[in-house]
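The structure appears right after this line, and notes come after that.
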Amino acid sequence: MSENKEQPRKRGKKEKKRMNKVALGIIVAGIVAVVGAYSVKANTYRTRFFPHTVINGIDASEKTVDEVRQVMSNQIDNFESTIQSRGNNAEIIKGSDVGLAFIQDSSLEDLLHEQNSMAWITNMNEIKDLKINSSFTVDPEKFDEAVSKLKALDESQFIQPIDAKISDFVQGSGYSIIPEVEGNAIDVGKAKEYIKSQLITLNSDINLDYEDNDLYEKPAKRADDPTLNTALNNLNKYISARISYDKLNVLNGDTIHNWLSVNSDGSVSISDEGVASFVKKVSNAYNTVGKPKTLKTSYGPTVTITGGSYGWKVNVEKEKAAIKSLIQAGETAKREPEYSRKAASHGENDYGNSYVEVNLTAQHMILIKNGSKVLESDFVSGNISKNWTTPPGAFPLTYRTRNATLKGEGYSTPVNYWMPFNGGIGFHDAPWRSAFGGQIYKTSGSHGCINLPPSVAKQLFDYIDAGFP
């Protein structure tokens, strides 16, 4: 009984092995079939381009090299390209105008060889936009003749670019920037090369004014140029200054703009000559030094005094510097000029109502303080016979000092009160004299000084100080 049971078990195992082998064979056969089919399809793409392949704008999907080449060749027959340029209407160039012809080279074959045919399944839905350097060429003579007729390349019609610049000064509004003019002057040589490069790739829409082409001449300076705008701001700042004086019209941009010049870095220079010419007007209006002065004398008559150094005198260099500084700051200011010499008054007579009146003819001195006589005395002035005449004029007291020694050619004289007003000429006490006034000065006068009695010299010394008229 045991032997009979063993035999069916052995037959079952054999049957199972046989069935496994059959199944494995089926699987292997299936794999072989799939691989074979995949290889057959892959072999197709050894001679054809993958789906969704575009070459130089041509649909090359599933096409052979010859088929693509034929499509490219067919495009020449009716090919034309529109040339867009700056300032001109669109112009047309036909393929036949330039002798457009297909090039029989290996460019397409090279692309196909780069295609991995075994990877076809992963490329079924991928869009490939491929380029070849050139499939076409042009006839040089026909090309040059055709493009030379383009208005875009007609040099007689070129408008040259113009740089942006600052406008002239406009009263009431100042300066502004005049924008650049782009013009339409093109680099003819570069433009021809660009047109050719587009024609041989069958580009039907050629734009010469595309920024990246860099074919047109450009303005060197545009309206947004930082240096130009810096200059504009400086100019408008400077002309905004308003400087007023009591005796002159207001100095403003109407005059200032004539003095301004722009430097390469956008800074603005102010003409020294322009400022100097204005300060000269200031000086003429305010200077009184050397100008005739009238004096109603204590004796009654009104006389005209010329000469001397008394009066207002503008400090030209300081006033120029002050004006420049105000202009650079664009400030509004009312000002009194800078002076190198000052007087008592800006009135009709700059010496005011306090002064020493020295009558050389009468040899008499009178001190007026606030319009009233406070001191008077005879004196002795310069010796006329020796040509040491005391020069007439209006002078400021230079300074005053005690116990000075007056020195000159052949003399050295100590005095107690020294009050110079004209270089080495001044008031001082003369204790060696016993008489003053009259005609003494004509033959026995001083070296030019005003000799006073000691008591009068002391009083005068106490009344007056530096700058007193």
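Some observations on this one:
- Filter pass, Asp254 being within 23 Å of the chain's Cα centre (by Cα) and not in a helix (DSSP H, G or I): no
- Filtered by the rule that a residue be of a type in the set (A, V, I, L, M, F, W, C) and open to solvent by 60 Å² or more (accessible area, probe 1.4 Å), region 255-274 gives a lone residue, Val262.
- Just one residue in the set Leu232, Leu202, Leu228 is open to solvent by less than 40 Å² (accessible area, probe 1.4 Å), among the aliphatic types (A, V, I, L, M), in contact (Cβ under 8 Å) with a residue 40 or more places away in the chain and assigned to a loop (DSSP other than H, G, I, E, B); that residue is Leu202.
- Qualifying positions in region 174-199 - among the small types (Gly, Ala, Ser) and either open to solvent by 30 Å² or more (accessible area, probe 1.4 Å) or in contact with a His (Cβ under 6 Å, 6 or more places away or on another chain) (or both): Ser176, Gly189, Ser197
- Condition check for Asp465: out of contact with any helix residue (DSSP H, G or I) (no Cβ under 9 Å at 6 or more places or on another chain) and either of a type outside the set (Gly, Ala, Ser) or surrounded by 15 or more Cβ atoms within 10 Å (Cβ to Cβ) (or both): yes
- Wholly within region 262-307, strands (runs of 3 or more DSSP E) carrying at least 2 residues that are charged (D, E, K, R) and over 28 Å from Lys165 (Cβ atoms): 293-296
- Flag for Glu67 being charged (D, E, K, R) and assigned to a loop (DSSP other than H, G, I, E, B): no
- Within region 392-410, being of a type outside the set (Gly, Ala, Ser), open to solvent by less than 70 Å² (accessible area, probe 1.4 Å) and at pLDDT below 95 holds for one residue alone: Leu406.
- Some residue of region 363-370 being charged (D, E, K, R), open to solvent by 30 Å² or more (accessible area, probe 1.4 Å), out of contact with any His (no Cβ under 9 Å at 6 or more places or on another chain) and closer than 19 Å to Thr297 by Cα: yes
- Among the candidates Gly393, Gly410, residue that is of a type outside the set (D, E, K, R) and closer than 26 Å to Lys291 by Cα: Gly393
- Scan region 371-390 for residues that are surrounded by fewer than 19 Cβ atoms within 10 Å (Cβ to Cβ) and part of a loop (DSSP other than H, G, I, E, B) and the total you get is 7.
- Per-region count, region 235-250, residues in a strand (DSSP E or B) and surrounded by fewer than 18 Cβ atoms within 10 Å (Cβ to Cβ): 6
- Scope region 82-98; condition closer than 20 Å to Pro140 by Cα, in contact (Cβ under 8 Å) with a residue 24 or more places away in the chain and part of a strand (DSSP E or B); matching residues: Thr82, Ile83, Glu91, Ile93
- Verdict on Asn203 being out of contact with any helix residue (DSSP H, G or I) (no Cβ under 6 Å at 6 or more places or on another chain), at pLDDT 95 or above and under 14 Å from Ile83 (Cα atoms): no
- Answer residue from region 42-76, given it is surrounded by 14 or more Cβ atoms within 10 Å (Cβ to Cβ) and among the basic types (Lys, Arg) and is farthest from Glu126 (Cα to Cα) among those: Arg69
- Flag for Phe436 being touching a Phe, Trp or Tyr at 6+ places or on another chain (Cβ under 6 Å) and in a helix (DSSP H, G or I): no
- Subset of region 139-168 (residues that are out of contact with any Pro (no Cβ under 6 Å at 6 or more places or on another chain) and among the charged types (D, E, K, R)): Asp139, Glu141, Lys142, Asp144, Glu145, Lys149, Lys151, Asp154, Glu155, Lys165, Asp168
Per-residue answers, yes or no, for (1) within 20 Å of Asn88 (Cα to Cα); (2) over 19 Å from the mean Cα position of the chain (by Cα):
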site	(1), (2)
Phe169	no, no
Ile178	no, no
Gly183	yes, yes
Gln198	yes, yes
Leu202	no, yes
Asp209	yes, yes
Asp214	yes, yes
Lys218	yes, yes
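- The set of residues in region 428-469 that are without any contact (Cβ under 8 Å) to a residue 40 or more places away in the chain and aromatic (Phe, Trp, Tyr) contains only Trp432.
- Only one entry of Lys142, Lys128, Lys149 meets the criterion of being touching a strand residue (DSSP E or B) at 6+ places or on another chain (Cβ under 9 Å) and either open to solvent by 50 Å² or more (accessible area, probe 1.4 Å) or among the aromatic types (Phe, Trp, Tyr) (or both), and that entry is Lys149.
The values are calculated or read from the model by the stated rules, or taken from the named source; none is laboratory data. None of the values given here were measured: they were computed from a predicted structure. No Cβ is skipped: glycine too gets one built from the backbone with ideal geometry, and neighbour counts run over all protein chains shown. Quick note on the areas: whole protein, heavy atoms, side chains included, nothing else; ligands and nucleic acids left out. Shrake-Rupley method; radii C 1.70, N 1.55, O 1.52, S 1.80 Å.
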